[in-house]
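The values are calculated or read from the model by the stated rules, or taken from the named source; none is laboratory data. Quick caveat, the model's predicted, so the values are computed rather than measured. Here the Cβ positions follow ideal geometry from the backbone for every residue, glycine too, while neighbour counts run over all protein chains shown. Each accessible area value is taken on the protein alone, full model and side chains, heavy atoms only, with ligands, DNA and RNA left out. Shrake-Rupley method; radii C 1.70, N 1.55, O 1.52, S 1.80 Å.
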Amino acid sequence: MSKKTFYITTPIYYPSDKLHIGHSYTTVAADAVARYKRLKGYDVMFLTGTDEHGQKIQRKAEEKGITPKQYVDEIVAGIKDLWKLLRITNDRFIRTTDPNHEKTVQKIFKKLYDQGDIYKSEYEGWYCTPCESFWTKTQLVDGKCPDCGREVELTKEESYFFRLSKYQDRLIEHIETHPEFIQPVTRQNEMLNNFLRPGLEDLCVSRTSFNWGIPVTFDEKHVVYVWIDALSNYITALNYLAEDDSDYRRYWPADVHLVGKEIVRFHTIIWPAMLMALGEPLPEQVFGHGWLLLEGGKMSKSKGNVVDPVVLVDKYGVDAVRYFLLREVPFGSDGVFSNEALINRINSDLANDLGNLVSRTVTMIDKYFEGSIPQNRQPGDFDEDLKKVVMETPSKVEELMDKLQFSAALADIWKTISRTNKYIDETMPWKLAKDENGKERLAEVLYNLAESLRIISILIQPFMPETPEKIWQQLGISDKKAIEWESAKKWGGYPEGSRVCKGDVIFPRIDIQKEMEELEKITAKAEKDAPKNNKVDEAGNDKKDEYITIEDFAKIDLRVAKVLEAEKVEGADKLLKLKLELGDEIRQVVSGIAKNYTPESLVGKYVVLVANLKPAKLRGIESQGMILAASDDKDLVLVTVEKEIGSGTKVR
Ligand code: MSP
């Protein structure tokens, strides 16, 4: 009989310069599932990739003076490296610039057009000229462009549309009759109540205002816009519509699309509607996980936390980072990431609980029995309770993994680890070792410890790619049968005669205070080096360059001011105290320009004053505003007006 298949996907990632720890979340979670299913004997197809078209990419490439393809090639290489570092075991990596993907998307588009599911019309949208972007009414912020805050114009553009509205009733019915389709359940209600029941509008699926996209074959001035291109990746990667579509037939429908909560809507409305139109089966499940945020909200690169997965893996190892991601937050909910929380988890769960258990067990077998547990053993108190707790764990872990409840599964494994550590305290092997008649009991106690660890090491495999191997080496397990997934369900698999081999501490304890200081230095440096204009969106991803609106600028009251008097400030060699005329008003301002201007040279000059700056005291002297100057490391030059104009005149 052929193996059962399991197809899991992550979203395809936008090529962004620097992926942060939040980005790694979906992929690490998907990898844990893929590894788990492989261990269970499934024929797994695990797909990830990159979403490379669109106006943003085109613009970024233009800014850099390279082609969009050159731009994405470089970034995609970095993304692939990151997945390698995190030991992601994807079977395929799809790029939406792959010729095969592009060809298939064109076929899909044409098929939907030919059968009337795609039609040509006009897209009416709000256009921001400087950003060259269309927005829907609901995307506008206070009626203005959500990216730059400037005025937008109602404009029309010829576009192709997908008849999404036609599938509304079938989608509602599918969701209502397949409770597993959208998980967690809360997201199901959100889709039904917020989007489907109020009614769907047809979807704009082509653009003419930029050209970095897949051309529509029968109307070349159009490129396929966003979702038909991006979502199709899940089937083009399986060679859908190709001459040899055996992979598609083998793996489709997907068992689970793992996605962040902000894209659940596209995966549970647009994607199934597209599949319905194509006459293809729908995926079994779309699971929308929560976001990993930084305290205070956003996964920005600064604010005192290192969020670069490369730095984190380098410092703490891939297993610690993966463990934290999957353990800290229940999958589905939002959670907070902090370096402190990560280090605390490493110290308590990994160094104290698991690390200690390994080193205590191996050390005692080494010390009391020269590395190998004898076969004459005597059962005793606490054995049954330990076995009961350990033996309940594999099935609990399976049940939770099937529901993608990684955190709960790990919590159960760690309960077992704690129970095993407690068993050492209860049985006190060091006392048995001193007792002439205690050898057989001691042998049994140590066997039970090694056996419990064997089972634990099997169960942590989906989450940790490196630690299980280290444990097997230290326990001296080389027989593959003793580490098969199913063997975790039977007590007694630690091979007789195994010889332990003491090794390095698997998770060294971290001095939290010292480490936090070091991390602070890293973030301070990153902040200094970071481009200043980078803003992030709610999920912590880079937004376009930040602009301020004209209204923001209007908040600053800039005025021409005439210097009436100037004098040095006692004891402060950089400061001058100025008396300024501002129309009818007189202002006192303290300014750090003494190294560049003598007091006499200033009198009579017309300067520019920030007139509504909150007054502040400098060396005990009140400063009612700030005068503007251009400065770099070497020089400072005051901003003056080109021609005389009345003091108090507004600068705008
Ligand atoms: N390209 C689209 C997906 C198209 S799928 C047909 C996209 N890409 S993305 O790069 O913005 O996001 C990729 C994944 O990273 C998403 O699942 C997203 O939710 C996840 N995350 C990005 N930032 C995140 C956090 N801060 N926390 C958790 N997941 C986050 O969306």
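A few remarks follow.
- One residue alone among GLY54, GLY22, GLY41 is at positive phi and at pLDDT below 95, and that residue is GLY54.
- Yes/no for VAL72 being open to solvent by less than 10 Å² (accessible area, probe 1.4 Å), of a type in the set (A, V, I, L, M) and within 12 Å of the ligand (Cβ to nearest atom): no
- Condition check for PHE109 on (1) surrounded by fewer than 20 Cβ atoms within 10 Å (Cβ to Cβ); (2) at pLDDT 95 or above: one failure, at (1).
- Taking the criterion of being within 9 Å of the ligand (Cβ to nearest atom) and under 30 Å from VAL306 (Cβ atoms), the residues of segment 263-296 that qualify are ILE263, GLY288, HIS289, GLY290, TRP291, LEU292, LEU293, LEU294.
- For segment 168-211, a residue qualifies if it is open to solvent by 40 Å² or more (accessible area, probe 1.4 Å), assigned to a loop (DSSP other than H, G, I, E, B) and of a type outside the set (Lys, Arg), and the qualifying residues are HIS178, PRO179, GLU180, PRO198, GLU201, ASP202, THR208, SER209, ASN211.
- In segment 212-262, the residues that are part of a helix (DSSP H, G or I) and away from the ligand (no atom under 16 Å from the Cβ): SER246, ASP247, TYR248, ARG249, ARG250, TYR251
- Checked against (1) without any contact (Cβ under 8 Å) to a residue 60 or more places away in the chain; (2) within 31 Å of the chain's Cα centre (by Cα); (3) open to solvent by less than 40 Å² (accessible area, probe 1.4 Å), THR138 meets all criteria but (3).
For (1) of a type outside the set (Asp, Glu); (2) buried (at least 17 other Cβ atoms within 10 Å of the Cβ), each residue gets a yes or a no:
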site: ASP219; (1), (2): no, no
site: HIS222; (1), (2): yes, yes
site: ALA230; (1), (2): yes, yes
site: LEU238; (1), (2): yes, yes
site: ASP247; (1), (2): no, yes
site: ALA254; (1), (2): yes, yes
site: LEU275; (1), (2): yes, yes
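- Tally, over segment 592-615, of residues that are farther than 12 Å from LYS579 by Cα, assigned to a loop (DSSP other than H, G, I, E, B) and touching a residue at least 40 places away in the same chain (Cβ under 8 Å): 6
- If you go through segment 630-642 and keep only what is surrounded by 11 or more Cβ atoms within 10 Å (Cβ to Cβ) and touching a residue at least 24 places away in the same chain (Cβ under 8 Å), you end up with LEU636, VAL637, LEU638, VAL639, THR640, VAL641.
- Scanning segment 47-56 for residues that are surrounded by fewer than 23 Cβ atoms within 10 Å (Cβ to Cβ) and more than 10 Å from the ligand (Cβ to nearest atom) yields a count of 2.
- Residue pairs whose Cβ atoms lie under 7 Å apart, separated by 6 or more positions or on different chains, with the first residue in segment 63-74 and free of Cβ contacts under 8 Å to residues at least 40 places away in the same chain and the second part of a helix (DSSP H, G or I) and surrounded by fewer than 14 Cβ atoms within 10 Å (Cβ to Cβ), do not occur.
- Some residue of segment 213-233 being hydrophobic (A, V, I, L, M, F, W, C), under 29 Å from GLU62 (Cα atoms) and at pLDDT below 95: yes
- Segment 57-70 - residue that is modelled with pLDDT under 95 and in contact with a helix residue (DSSP H, G or I) (Cβ under 8 Å, 6 or more places away or on another chain) and, of those, farthest from PHE6 (Cα to Cα): LYS64
- Leading residue by the ranking (most open to solvent (accessible area, probe 1.4 Å)) among those in segment 405-444 that are without any contact (Cβ under 8 Å) to a residue 60 or more places away in the chain and among the aliphatic types (A, V, I, L, M): MET428
Every residue, every condition in (1) within 46 Å of the chain's Cα centre (by Cα); (2) surrounded by 15 or more Cβ atoms within 10 Å (Cβ to Cβ); (3) on the phi > 0 side of the Ramachandran plot; (4) of a type outside the set (A, V, I, L, M), yes or no:
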| site | (1), (2), (3), (4) |
| --- | --- |
| THR549 | yes, yes, no, yes |
| ALA594 | no, yes, no, no |
| GLU600 | no, no, no, yes |
| SER623 | yes, yes, no, yes |
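- Residue check, THR89 within 16 Å of the ligand (Cβ to nearest atom), open to solvent by less than 60 Å² (accessible area, probe 1.4 Å), at pLDDT 95 or above and not small (Gly, Ala, Ser): no
- When ILE627, ILE645 are screened for being of a type in the set (A, V, I, L, M) and exposed (fewer than 15 other Cβ atoms within 10 Å of the Cβ), only ILE645 passes.
- For segment 54-152, the helices (runs of 4 or more DSSP H) that sit wholly inside it and include 2 or more residues that are aromatic (Phe, Trp, Tyr) are 68-85, 99-114.
- Any hit, segment 380-392, residues being open to solvent by 50 Å² or more (accessible area, probe 1.4 Å), in a helix (DSSP H, G or I) and in contact with a helix residue (DSSP H, G or I) (Cβ under 7 Å, 6 or more places away or on another chain): no
- Failed item, numbered, when PRO374 is tested on (1) at pLDDT 95 or above; (2) open to solvent by 20 Å² or more (accessible area, probe 1.4 Å); (3) under 24 Å from ILE510 (Cβ atoms): (3)
- Against the list (1) open to solvent by less than 40 Å² (accessible area, probe 1.4 Å); (2) of a type outside the set (Ser, Thr, Tyr); (3) modelled with pLDDT of 95 or more, the condition LEU292 fails is (3).
- Residue within segment 211-226 that is closer than 27 Å to THR155 by Cα, within 23 Å of the chain's Cα centre (by Cα) and touching a residue at least 60 places away in the same chain (Cβ under 8 Å) present: yes
- One residue stands out among those in segment 7-36 that are open to solvent by 20 Å² or more (accessible area, probe 1.4 Å) and assigned to a helix (DSSP H, G or I): the one that is farthest from the ligand (Cβ to nearest atom), which is ARG35.
- So THR268, is it surrounded by fewer than 16 Cβ atoms within 10 Å (Cβ to Cβ) and under 22 Å from the mean Cα position of the chain (by Cα): no
- Residues within segment 321-346 that are open to solvent by less than 10 Å² (accessible area, probe 1.4 Å) and without any contact (Cβ under 8 Å) to a residue 24 or more places away in the chain, tallied: 1
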